[in-house]
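Worksheet: one structure, shown below.
The values are calculated or read from the model by the stated rules, or taken from the named source; none is laboratory data. Note that this is a predicted model, so its numbers are computed, not measured. Using ideal geometry, Cβ is built from the backbone for each residue, glycine included, and neighbour counts are taken over all protein chains shown. Surface areas here come from the heavy atoms of the whole protein model, side chains and all, with no ligands, DNA or RNA. Shrake-Rupley method; radii C 1.70, N 1.55, O 1.52, S 1.80 Å.
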Amino acid sequence: MHRPPPYGMSNNGRYPPYHYGGEYYPSERRRGGNVCVRCICCFCCFLFFIILVFAVLILYMFLYYDPKCPTYKFEYMDVKEFKYNPDSSINADVILTLRANNPNKGVGLLYEEPSFINVTYSDSLICSGKFPSFHHGHRNVTMLQIALKGKNQLRSGLNESLKDDERHDKIRLKLMAMVPFRLVFGNIKSRSLNMNANVTLIVRDLKPGKKSVTEEGKIAYRLSY
């Protein structure tokens, strides 16, 4: 007895080939892509949260402490020794008086080592020294005595040029300094920063005794890590 073929089978006993119609079902999606997208979204949300917390913290500290830049002014130069030598070198021993003012109500400054201060005349070194290491409290004015010494050779012709400036009561000395410091917020200290400063000082003469100092322009600062 002849039996009819199963449903979908041809008379020759074979099933017709299956043709994919291009349909797309959600179950065919690769699960690995979902995991990567979730990880990226979570990381972006976490990063945004950290940035937001830091921004709020910085804004709070700025509003609470109301930070202001400290000010510095050179008042006097006490000349202990300034000697012209026959070999065009100079023996110098001076003390600079610096008025340091910290106007902040809640921010202190901690000046550290190693620091240096160089005094030059027409790019030739005259004397050098160090900035005092100390904690500068808030709303505090401190008078600093900075000792500068040295025996240095001047370039050819600068000896006479310096003497000529002294006769005209106007000697321009360039001061350059590098001082590491930290900001102090209560018991918290910031990372160490370097303050690079330079200014031109004008004095009338270099004979022994205390001299008034005039700053030619403002002290220029630049911060670095």
Legend entry - Centre separation in Å (Cα based) which lies between segment 33-108 and segment 159-189: 19 Å
Legend entry - Diffusion constant of segment 32-143 at 4 °C, which comes from Stokes-Einstein with the Kirkwood Cα-pair radius and 1.567 mPa s, µm²/s: 68 µm²/s
Legend entry - Inter-probe distance in nm under a simple model that places probes 7 Å from Cα toward Cβ, at Y84 and A55: 6.4 nm
Inset, instruction - Calculate, for H135 and S212, the FRET efficiency according to 1/(1 + (r/R0)^6) with r their C-beta to C-beta distance and R0 22 Å; round to the nearest 0.05. - result: 0.15
Legend entry - Spatially proximal lysines relative to K149 (Cα-Cα < 25 Å; intrachain offsets below 8 disregarded): K73, K80, K83, K130, K163, K170, K174, K207, K210, K211, K218
Legend entry - Relative contact order [Cα under 8 Å, 6+ residues apart], segment 180-222, whole percent: 34 percent
Inset, instruction - Determine the gain in length on full extension of the stretch R38-I219; use 0.36 nm per residue of separation and subtract their C-alpha separation, reporting nm with one decimal. - result: 59.8 nm
Inset, instruction - Calculate the spin-label point distance for L110 paired with A197, positioning each point 7 Å from the Cα along the beta-carbon direction, and give it in nanometres. - result: 2.0 nm
Legend entry - Where segment 74-186 is the region considered: accessible area per residue in Å², 1.4 Å probe: 49 Å²
Inset, instruction - State the extension gain, in nm to one decimal, for the chain segment bounded by D66 and F185, taking 0.36 nm per residue of separation less the distance between their alpha-carbons. - result: 41.7 nm
Inset, instruction - Evaluate the distance, in nm, between pseudo-label points positioned 7 Å from the Cα of R204 and of C45 along their respective Cα→Cβ axes. - result: 7.4 nm
Legend entry - Compactness relative to 2.2 N^0.38 Å, alpha carbon Rg of segment 104-206: 1.34
Inset, instruction - With an 8 Å cut-off on Cα pairs and a minimum separation of 6 or more residues, tell me the relative contact order of segment 41-198 in percent. - result: 22 percent
